[in-house]
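Asker: Input: one structure, supplied below.
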Ligand SMILES: *Cc1c(COP(=O)(O)O)cnc(C)c1O
């Protein structure tokens, strides 16, 4: 079987194979989503996720179809007039562009690849506004350090929403530094695509009540009413929820996962630097621990991607403006230390001279 280092959809936990069989045999996949069996399964999944990811007791957890859906839910149900989008890459920008279609006065505050963003906002920023941050920018391999999130929290007067699509379940998140966090499961959860996780604070719920938006099947208030009863507004991805529950039940606590990925990211970065590769993100302070972007000329990129394919390994393509001049390596929990060893050995074995 192919070993994938693609940062989403990503390598699955090998145990997912057995969970799939269990799901089939348990009969849950044919159960109505208002049945006791479904509601119990949903409740267990949420409980295990909250316990393993250490979410604050007052924060609620809902499931959606994707992170992209969460962009729209936030724009519909939490932004009353305008949002501010602080970003340095393609996913942050897409979120801004989606939101701007619903709220044309929303504003972008972009920053540089190696820069630590400053918590500075226009004078008019008010408690009704929403600040949108991308915790881990999957397109370029940058991340916001916890200290930066906390400084935004201390400075911004309104609600803070964070896209943690490629870090949730891999990195210990400073939950209290934001009101809304979301992810989709095909990144750090090591699961097949088709499910989003949305974590919301009491402050976010209060904001949703002030906005009072109930015009959509996925309006936040409507989602909440359903999830408080362990139900969903529409027939959900029951298989996805079941698999998430099983993965979370067996997962190590997030402190342990965080520590493992931190050490491994360090080892990978040192390895690539010593092997005279160029890391796209030079500033270690803003370098992602879950997605590593490596920069080289197109020929070299092509060589390694092709050589990897021959050895049944998949390197992540570059994304957006970095499409042809980078490749990306997922440092996700479903990949083992042995998988990473194999990757590093591959680069040694298939090395070519790096002339420009
Ligand atoms: C993958 C990704 C998304 C989109 O996720 P979908 O599940 O396709 O909606 C959004 N934001 C970031 C940072 C991502 O990495």
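A short reminder: the numbers here are calculations on the coordinates, not readings from a lab. All values derive from a computational prediction rather than experimental measurement. FYI the Cβ positions are ideal-geometry reconstructions off the backbone, even for glycines, and counts take in every protein chain you see.
Asker: Specify the residue that is surrounded by the most Cβ atoms within 10 Å (Cβ to Cβ); the eligible residues are those in the stretch 75-91 that are within 16 Å of the ligand (Cβ to nearest atom) and over 16 Å from the mean Cα position of the chain (by Cα).
Answerer: Of the residues in the stretch 75-91, the ones within 16 Å of the ligand (Cβ to nearest atom) are 75-76, 83, 85-91.
Still in the running and over 16 Å from the mean Cα position of the chain (by Cα): 75-76, 83, 85-86.
Working: 75: 22, 76: 20, 83: 26, 85: 22, 86: 24.
Ranking the candidates gives 83 first.
Asker: Determine, yes or no, whether residue 325 is more than 19 Å from the chain's Cα centre (by Cα), surrounded by fewer than 19 Cβ atoms within 10 Å (Cβ to Cβ) and closer than 27 Å to residue 202 by Cα. Lay out the reasoning, then the answer.
Answerer: Working: more than 19 Å from the chain's Cα centre (by Cα): yes; surrounded by fewer than 19 Cβ atoms within 10 Å (Cβ to Cβ): yes; closer than 27 Å to residue 202 by Cα: no.
So residue 325 does not fit the description; no.
Asker: Would you mind finding the one in 202, 193 that is closer than 17 Å to residue 77 by Cα, touching a residue at least 24 places away in the same chain (Cβ under 8 Å) and surrounded by fewer than 17 Cβ atoms within 10 Å (Cβ to Cβ)? Reasoning before the result, please.
Answerer: Values: 193 fails: closer than 17 Å to residue 77 by Cα.
Within the list 202, 193, the selection yields 202.
Asker: Condition (residue is in a helix (DSSP H, G or I), within 16 Å of the ligand (Cβ to nearest atom) and within 30 Å of residue 339 (Cα to Cα)) applied to the stretch 40-58: is it met by at least one residue? Reasoning before the result, please.
Answerer: Here is the first cut: in the stretch 40-58, the residues in a helix (DSSP H, G or I) are 40-53.
Checking which are within 16 Å of the ligand (Cβ to nearest atom) leaves us with none.
Checked the stretch 40-58: no residue is in a helix (DSSP H, G or I), within 16 Å of the ligand (Cβ to nearest atom) and within 30 Å of residue 339 (Cα to Cα).
Asker: Assess whether residue 280 counts as being within 30 Å of residue 253 (Cβ to Cβ) and out of contact with any helix residue (DSSP H, G or I) (no Cβ under 6 Å at 6 or more places or on another chain). Even if it seems obvious, please write down each step before you answer.
Answerer: Values: within 30 Å of residue 253 (Cβ to Cβ): no; out of contact with any helix residue (DSSP H, G or I) (no Cβ under 6 Å at 6 or more places or on another chain): yes.
Judged against the criteria, residue 280 is not a match.
Asker: If you don't mind, another one. Could you give me the residue pairs with C-beta distances under 7 Å whose first residue belongs to the stretch 89-106 and is over 15 Å from residue 161 (Cβ atoms) and touching a residue at least 24 places away in the same chain (Cβ under 8 Å), whose second residue is within 13 Å of the ligand (Cβ to nearest atom) and in a helix (DSSP H, G or I) wherever it lies, and which are 6+ apart or on separate chains?
Answerer: Qualifying pairs under 7 Å: 90/320.
Asker: Sticking with this one: Which ones in the stretch 313-340 are in a loop (DSSP other than H, G, I, E, B) and within 21 Å of residue 92 (Cα to Cα)?
Answerer: Going through the stretch 313-340, the residues in a loop (DSSP other than H, G, I, E, B) turn out to be 315, 318-319, 323-325, 331-336.
The answer is 318, 319, 323, 324, 325, 331, 332.
Asker: Taking the stretch 267-294 as the region of interest, how many residues are part of a helix (DSSP H, G or I) and over 15 Å from residue 145 (Cβ atoms)? Even if it seems obvious, please write down each step before you answer.
Answerer: First pass over the stretch 267-294, keeping only residues part of a helix (DSSP H, G or I): 267-274, 284-286.
Going one step further and asking which of them are over 15 Å from residue 145 (Cβ atoms), we end up with 267-274.
Number satisfying all stated conditions: 8.
Asker: Also, I was wondering about something else. Answer yes if at least one residue in the stretch 296-312 is in contact with a strand residue (DSSP E or B) (Cβ under 7 Å, 6 or more places away or on another chain), within 21 Å of residue 92 (Cβ to Cβ) and surrounded by 17 or more Cβ atoms within 10 Å (Cβ to Cβ), and no otherwise.
Answerer: There is no residue in the stretch 296-312 that is in contact with a strand residue (DSSP E or B) (Cβ under 7 Å, 6 or more places away or on another chain), within 21 Å of residue 92 (Cβ to Cβ) and surrounded by 17 or more Cβ atoms within 10 Å (Cβ to Cβ).
Asker: Do we have any residue at all in the stretch 179-201 that's assigned to a helix (DSSP H, G or I) and farther than 17 Å from residue 162 by Cβ? Steps first, please.
Answerer: So the first thing to find is which residues in the stretch 179-201 are assigned to a helix (DSSP H, G or I), and the list is none.
No; the residues of the stretch 179-201 include none that is assigned to a helix (DSSP H, G or I) and farther than 17 Å from residue 162 by Cβ.
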